[in-house]
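Worksheet for the structure shown next.
The values are calculated or read from the model by the stated rules, or taken from the named source; none is laboratory data. These numbers were taken from a predicted model, which means no experiment stands behind them. Methodologically, a virtual Cβ is constructed for each residue, glycine included, from the backbone with ideal geometry; neighbour enumeration extends over all protein chains shown. Accessible surface is based on the protein model in full, side chains and every heavy atom, while ligands, DNA and RNA are left aside. Shrake-Rupley method; radii C 1.70, N 1.55, O 1.52, S 1.80 Å.
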Amino acid sequence: MIRGIKFYFPFLAPALVAMAFAAYVSFLDNTECAFLLGIDASLLGLLIFCFVLPGTFAIGSLYFLYFSIKSRGRDFYPPSDIPWSGIFRKCSGRRAKIPKLMGYLLPIAGAWMIWLGISSFIEIADGRTLSEMSAAIGSACEHS
């Protein structure tokens, strides 16, 4: 159990941060003007949406790349020597080729997700810094 948590920690940590933030926001009455650790919750949500979630997807895709590389030359997928291999559906023979191929292609989608998150943030920020965006949100909250 501990070996699996250590192995999957780079994937689990940002996913847990995003879920904890979503749980926090779900209990708020006025999410536009809420603060978490001194940062506007809406700005923090933007950062999580643009950077943490694409990063989590990219890290997960690297795990599948690792599984594909590790099972190269073998006739089954995923390899049995990875932690928690029982949670994945075992494939063998011809059926193992598709997940292996997907493991090689998913990092491309992960890189695309990171690019999409960065370009979305740039588009939303519109040339403003985080402090400027925070000040704009703060002034909007004061006027309402």
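Given the C-alpha centroids of region 1-30 and region 93-118, what is the distance between them in whole angstrom?
23 Å
What is the count of Lys pairs in the chain whose alpha carbons sit under 15 Å apart, if the two are 8 or more places apart or on different chains?
For the chain, the number of qualifying lysine pairs is 4.
Taking the Cβ of residue 97 as the center, what net charge do the other residues with Cβ under 12 Å away carry, scoring Lys and Arg +1 and Asp and Glu -1?
With Lys, Arg at +1 and Asp, Glu at -1, the neighbours total +4.
Can you tell me the accessible area per residue over region 8-76, all protein chains present, probe 1.4 angstrom, in square angstrom? The partial results should precede the final answer.
On the way: 4000 Å² over 69 residues.
With the other protein chains kept in place, region 8-76 gives 58 Å² per residue.
Scan region 71-144 for chymotrypsin sites (Phe, Trp or Tyr not before Pro) in coil per DSSP, keeping those whose Cβ has at most 15 other Cβ atoms within 10 Å, and list them by number.
Passing both the DSSP loop test and the Cβ count: 84, 88.
Given 45, 96, 58, which one lies farthest toward the positive end of the charge dipole of the chain, if we put +1 on the Cβ of every Lys and Arg and -1 on the Cβ of every Asp and Glu?
96
Debye sum, Cα scatterers, the chain, no solvent: what log₁₀ I/I(0) at q = 0.16, 0.20 1/Å?
-0.91, -1.17
Considering only protein heavy atoms, with the full assembly of protein chains and a 1.4 angstrom probe, order 94, 128, 89 by accessible area, largest first.
So the residues, ranked largest to smallest area, are 94, 89, 128.
For the chain, list the cysteines whose Cβ sits under 4.7 Å from no other cysteine Cβ?
Cys with no partner Cβ under 4.7 Å: 50, 91.
Roughly how much of residue 133 is accessible, in Å² to the nearest 10, using a 1.4 Å probe?
Counting only protein heavy atoms, the figure is 10 Å².
Averaging sequence separations of C-alpha pairs under 8 Å and six or more residues apart, then dividing by the length of region 1-110, give the relative contact order as a whole percent.
Contact order relative to length: 26 percent.
What is the angle, in °, between the Cα long axis of helix 130-143 and the longest principal axis of the Cα atoms in the chain? Nearest 10 is fine, range 0 to 90.
Here the helix axis deviates by roughly 50 degrees.
Under a Cβ-only charge scheme (Lys and Arg +1, Asp and Glu -1), can you give me the dipole magnitude of the chain about the Cα centre, in debye to the nearest 20? Write down the numbers at each step before the final one.
Details: 12 positive and 9 negative charges, 326 e Å.
Here the chain has a charge dipole of around 1560 debye.
Counting only protein heavy atoms, what percent of the accessible surface of the chain is carbon or sulfur at a 1.4 Å probe?
71 percent
In nm, to one decimal, how far is the modelled label at residue 98 from the one at residue 128, with both set 7 Å along Cα→Cβ?
4.7 nm
Determine the calculated [θ] at 222 nm for the chain from helices alone, applying -39500 (n - 2.57) to every DSSP H run no shorter than 4 residues and normalising by the residue count; nearest 500 deg cm²/dmol.
-22000 deg cm²/dmol
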